[in-house]
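A.B. asks: Below you will find the structure I want to go over with you.
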Amino acid sequence: MTLRLFNTLTGQLDDLVPMDGKALRMYACGPTVYDYGHIGNFRTFLQIDVLRRFLKLTGTPVRHVMNITDVDDRIIHNAAALGISIHEYTARFEEAFFEDLEALRVERPEIIACATEHIPRMVELIQRLAAAGAAYRTEDGSWYFRLAAFPDYGKLSKKDLSGMEDGARVDLDEYEKDSARDFALWKAAKPGETSWDTAIGRGRPGWHIECSAMAMEYLGDSFDLHAGGEDLMFPHHENEIAQSESVTHKPFARHWMHVRFLLVDGRKMSKSEGNFFTLRDLLIKGYKASAIRMALISVPYRHQLNFTFDGLIEATNAIERLRTFHQRLTQGNFPPGASPALQSAAETAQADYLAALANDLNTAEARAPIFDLLRAANTSIDQGQLFAADRDAILAVLAGFDAVFDVIEDHDAEPTRRALEWAAQSGRLADVAPELLARQSLTDEAIDALVAQRTQAKKQRNFARADQIRNELAEKGIVIEDSKDGVRWKRK
RNA sequence: GCACCGGUGGCGAAGCGGCUAACGCGCAGGUCUGCAAAACCUGUAUUCGCGGGUUCAAUUCCCGCCCGGUGCUCCA
């Protein structure tokens, strides 16, 4: 199954296959660790996760590099304000970032590269650029990329820069540049700022150079795919191409994938609009990590996603149905044998599911066959017409679904627990949803005991008492389900 | 201003030239149940922003308009 993925560079759907015939080499721009990640960041990482999981599911090994930008203006500024080193400052946000990725079940890339650990590679690249006449040094000791040296500039974002050359908007800080659009490769050290003493002078790297240096370090001069948020297309990715190809004269990345921004309540998320959410904000409001994952994944990556709390509730309910179904299959007893109708339904579902994802990662379309199968199977179970071999076939389809979506198996307790811990430590307890606290207030043992009491009451046909217990539990978000196979309960 | 994307049922969202317009959530009625929950069944867009055009045939292609969003600067 070959993935047809939209390629920003060519403007069309292209097959995504490893050019070396082995593993798919991909680079994805990671976070700048100056604050907690917000859901917009995570939509991008989640969609890239969908991509890599699909590749793996369909038999393509992945070598995925993600960078961590751990030095930039904001970091330097914020660290200085706190009077700590940039490493002390970034360490906690880097840790928080990975904790958040784990909560969202985002697989860890094979290689994670920090900018500050690759300074020599960047310096070397700048030297090569200088040798090629594509970089120059200004009086203050900064280095810039000479845009005029790269005629292909703009090929990714399809920008025609000829009309906007050295326009009216000239940045006063950068008057030394040859051309207003030339971008910084290396910023000369300013007094008191973190800097590195190198062959090209004392200073720190510009933002774009780190990705070129690290991508080439781990993936070679040319690789299969480069991915990131849509905002990075210009200028970041354009600049990466310019820097890299000016040195290697080979195509940098063959395929470019850009994830569209999400909106919150129909507006671009921003701190000033008051519609800005970190993952932690949502977890302490009582939303489950799986629901957030599902909501952010279910709209295909090339479409704007309007994030709302209603959408989160919808995702929660959809996941609940899937989980209940899964449980029904794994816990039920099914006689040996197979039903031809279900066998073929499972086969169809599997094929349609994979085909939808292979079509530019159409996650919305991919969900449909799974729910179709769910309904068909539930009907058969109700009619006593589902057999052991059917169960196995259907579970295999669900496994394929979860290999990408990863929401059926329940891992929600831990992220919520950690978020509550974090809230307590960082003075955010006031923001924790009361319902969440109520839900957490009963231990599993306490619930089991109450459920047992209710079962006893029911046996004695003391329904008033039984209902009383059920209502008490319901108030704390515990739902009881009676079935032929016994009583089940779950936290809402 | 220039550029790009989108407007499909109560909501989210597929489909993009021809099957009864997927799927999810919600809602209403029914089956089951001590009652619920879960599950299933039925119903829930004669219609795809508006107006033209092309075509035997358009939600799907073209033109115009209206509305929403995003990019052009740091940003996932």
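The values are calculated or read from the model by the stated rules, or taken from the named source; none is laboratory data. As the structure is a prediction and not an experimental result, all values here were calculated from the model. Glycine also receives a Cβ, built like all others from the backbone with ideal geometry; neighbour counts cover every protein chain displayed. Side chains included, ligands, DNA and RNA excluded: accessible areas come from the protein's heavy atoms. Shrake-Rupley method; radii C 1.70, N 1.55, O 1.52, S 1.80 Å.
A.B. asks: When the stretch A:266-290 is examined, which residues are found to be of a type outside the set (A, V, I, L, M), under 23 Å from A:PRO434 (Cβ atoms) and touching a residue at least 24 places away in the same chain (Cβ under 8 Å)?
C.D. replies: Result: A:PHE276, A:PHE277, A:THR278, A:ARG280, A:ASP281, A:LYS285, A:GLY286, A:TYR287, A:LYS288, A:SER290.
A.B. asks: Would you confirm whether or not the stretch A:330-347 contains a residue that is touching a Gly at 6+ places or on another chain (Cβ under 7 Å), more than 8 Å from RNA strand B (Cβ to nearest atom) and under 30 Å from A:ASP14 (Cβ atoms)?
C.D. replies: no
A.B. asks: So, A:ARG328, is that one open to solvent by less than 60 Å² (accessible area, probe 1.4 Å) and basic (Lys, Arg) or not?
C.D. replies: No; evaluated as a whole, the condition is false for this residue.
A.B. asks: Exactly one of (1) assigned by TED's automatic domain parsing to the domain that holds A:ILE112; (2) within 14 Å of RNA strand B (Cβ to nearest atom); (3) without any contact (Cβ under 8 Å) to a residue 12 or more places away in the chain is unmet by A:ASP231. Its number?
C.D. replies: Only one criterion in (1) assigned by TED's automatic domain parsing to the domain that holds A:ILE112; (2) within 14 Å of RNA strand B (Cβ to nearest atom); (3) without any contact (Cβ under 8 Å) to a residue 12 or more places away in the chain is unmet by A:ASP231, namely (3).
A.B. asks: Continuing with this model, one more query. What's the number of the only condition in (1) under 19 Å from the mean Cα position of the chain (by Cα); (2) more than 14 Å from RNA strand B (Cβ to nearest atom) that A:MET214 fails to meet?
C.D. replies: (1)
A.B. asks: Residue check, A:SER85 against (1) among the hydroxyl-bearing types (Ser, Thr, Tyr); (2) open to solvent by 20 Å² or more (accessible area, probe 1.4 Å); (3) within 16 Å of RNA strand B (Cβ to nearest atom), all met but one. Which one?
C.D. replies: (3)
A.B. asks: Moving on. Is it fair to say A:ARG63 is open to solvent by 10 Å² or more (accessible area, probe 1.4 Å) and either part of a strand (DSSP E or B) or within 12 Å of RNA strand B (Cβ to nearest atom) (or both)?
C.D. replies: The answer is yes for A:ARG63.
A.B. asks: So, one more: Could you run through the stretch A:261-306 and say how many residues are polar (S, T, N, Q), closer than 18 Å to A:ASP35 by Cβ and either in contact with a Pro (Cβ under 6 Å, 6 or more places away or on another chain) or not in a loop (DSSP other than H, G, I, E, B) (or both)?
C.D. replies: The total comes to 1.
A.B. asks: Related question: Out of the residues in the stretch A:372-400 that are in a helix (DSSP H, G or I) and open to solvent by 50 Å² or more (accessible area, probe 1.4 Å), which is nearest to A:GLY332 (Cα to Cα)?
C.D. replies: This residue is A:ARG391.
A.B. asks: Could you check the stretch A:215-233 and list, in sequence order, the residues that are part of a strand (DSSP E or B) and either modelled with pLDDT under 95 or small (Gly, Ala, Ser) (or both)? Walk me through it before giving the result.
C.D. replies: From the stretch A:215-233, those part of a strand (DSSP E or B) are A:223-229; that's our starting set.
Answer for the stretch A:215-233, where residues must be part of a strand (DSSP E or B) and either modelled with pLDDT under 95 or small (Gly, Ala, Ser) (or both): A:ALA227, A:GLY228, A:GLY229.
A.B. asks: Within the stretch A:264-298, how many residues are over 19 Å from A:LEU101 (Cα atoms) and under 16 Å from the mean Cα position of the chain (by Cα)?
C.D. replies: Residues that pass the stated criteria total 0.
A.B. asks: Next question. Can you find even one residue in the stretch A:456-479 that is of a type in the set (Val, Ile, Thr) and either under 22 Å from A:SER290 (Cα atoms) or within 38 Å of the chain's Cα centre (by Cα) (or both)? Walk me through how you get there before you give the answer.
C.D. replies: Filtering the stretch A:456-479 down to residues of a type in the set (Val, Ile, Thr) leaves A:469, A:478-479.
Those left that are additionally either under 22 Å from A:SER290 (Cα atoms) or within 38 Å of the chain's Cα centre (by Cα) (or both): A:478-479.
Yes, that holds for at least one residue.
A.B. asks: For A:THR116, indicate whether it is in a loop (DSSP other than H, G, I, E, B), among the hydroxyl-bearing types (Ser, Thr, Tyr), within 35 Å of the chain's Cα centre (by Cα) and at pLDDT 90 or above.
C.D. replies: no
A.B. asks: Show the residue pairs meeting these rules: Cβ distance below 6 Å; 6+ apart or different chains; first residue within the stretch A:175-186 and over 15 Å from A:GLU240 (Cβ atoms); second residue in a loop (DSSP other than H, G, I, E, B) and at pLDDT below 80.
C.D. replies: Going by the 6 Å Cβ cut-off, the qualifying pairs are A:SER179/A:ASP166; A:ALA180/A:ASP166; A:ALA180/A:VAL170.
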